[in-house]
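Notes follow once the structure below has been shown.
Nothing in this text is a laboratory measurement; each read-out follows from the coordinates by a stated rule. Computed from a predicted model, the values in this text were never measured in an experiment. As a convention, Cβ positions derive from the backbone with ideal geometry for all residues, glycine included, and neighbour counts pool all protein chains shown.
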Amino acid sequence: MRKVGVLVLLLVSVGMAGLAFHQYETSGREVVRFPIAGAGEGAAPPVMLSRAQSPVRVILSVRYRVDLVADQNEAYGYQVSVKGPAGRTVLSGDGRNVVSREDRGSGFVTDRQNHVIGTFPVETEGAYLAEWSLSPRSGQVLEARLMVRENVAPISISKLTVAAICFVLAGLMLFAGRKRA
């Protein structure tokens, strides 16, 4: 009976956390989607934003292919910045995508990764310009796009709290059930 309780609590924990992150990434409405031509640097066409669309979230989606030769394979690095009508940077984010070999063995892996660059309030109405840079490392960028979503919601702290509580309870049930030697 205890094993079932632990399993249920772990499933609720993972489900609530997954739901919270999914809703965070997909909340609001997509305003525009810009295709990015592979690796390199560039700028998307200006996007007209108004205060009614605030807050706005920028997401970079990359489809890549990487050869799993090492335990940790850095597929690519990225950098995105958004400038407002006055030329002031309102959002900036960078990172890299590392693929672990784990139990996959060697060979090629093709996958898509979404990177939430960030969220910003539209304080000044006008044209916003997104600049990007994609740098392949041990991988190949097959396709990339930059998405702008309007009227987005913040991450649900209550769902993450429930997920954390369920996880802790599952751990307590698991370790409290062990017999002492």
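Taking the 0 to 90 degree range and rounding to the nearest ten, how far is the long axis of helix 157-176 tilted relative to the main principal axis of the chain, both from C-alpha atoms?
Result, in degrees: 30.
When the Karplus curve 6.51 cos²θ - 1.76 cosθ + 1.60 is applied with θ = phi - 60°, which whole-Hz ³J(HN,Hα) does each residue of the stretch 53-70 get, with x for Gly and Pro?
Once rounded to whole Hz, the list reads 8, 6, x, 10, 10, 10, 10, 9, 10, 10, 9, 9, 9, 9, 8, 7, 9, 10.
Would you work out the charge dipole size for the stretch 29-152 about its Cα centre, treating the Cβ of every Lys and Arg as +1 and the Cβ of every Asp and Glu as -1, and quote it to the nearest 20 debye?
260 debye
Could you give the angle, 0 to 90 degrees to the nearest 10, between helix 2-26's Cα long axis and the longest principal axis of the Cα atoms of the chain?
Once rounded, one gets 0 degrees.
Through the Karplus equation 6.51 cos²θ - 1.76 cosθ + 1.60, θ set to phi - 60°, convert the phi angles of the stretch 27-42 into ³J(HN,Hα) values in whole Hz; use x for Gly and Pro.
Taking θ as phi minus 60°, the curve returns 5, x, 10, 5, 8, 7, 9, 10, x, 10, 7, x, 7, x, 10, x Hz for the stretch 27-42.
Near the amide H of A153, under 5 Å away, which other amide H atoms are found, from residues 5 or more places off or on another chain, if H is placed in the peptide plane?
Sorted by chain and number, the residues that satisfy this are S27, G28.
Answer with one residue from S133, V98, L174: the one whose Cα lies farthest towards the positive end of the charge dipole of the stretch 60-181, charges on Cβ with Lys, Arg +1 and Asp, Glu -1.
L174
What residues have an amide H closer than 5 Å to that of L68, excluding those fewer than 5 places away on the same chain, when H is modeled at 1.01 Å from N in the peptide plane?
G107, F108, V109
Restricting to Cα pairs below 8 Å that are 6+ residues apart, what does the relative contact order work out to for the chain? Please round to a whole percent.
Answer for the chain is 41 percent.
Counting each DSSP H run of 4 or more residues in the chain as -39500 (n - 2.57), what helix-only mean residue ellipticity at 222 nm follows after dividing by all residues, to the nearest 500 deg cm²/dmol?
For the chain, the value works out to -8500 deg cm²/dmol.
For the stretch 29-152, divide the Cα radius of gyration by the Kirkwood radius and give the resulting Rg/Rh value with two decimals.
Value, to two decimals: 1.05.
Picking from P46, I165, Y76, whose Cα lies most toward the positive end of the charge dipole for the chain (charges on Cβ: Lys, Arg +1; Asp, Glu -1)?
In the chain, that residue is I165.
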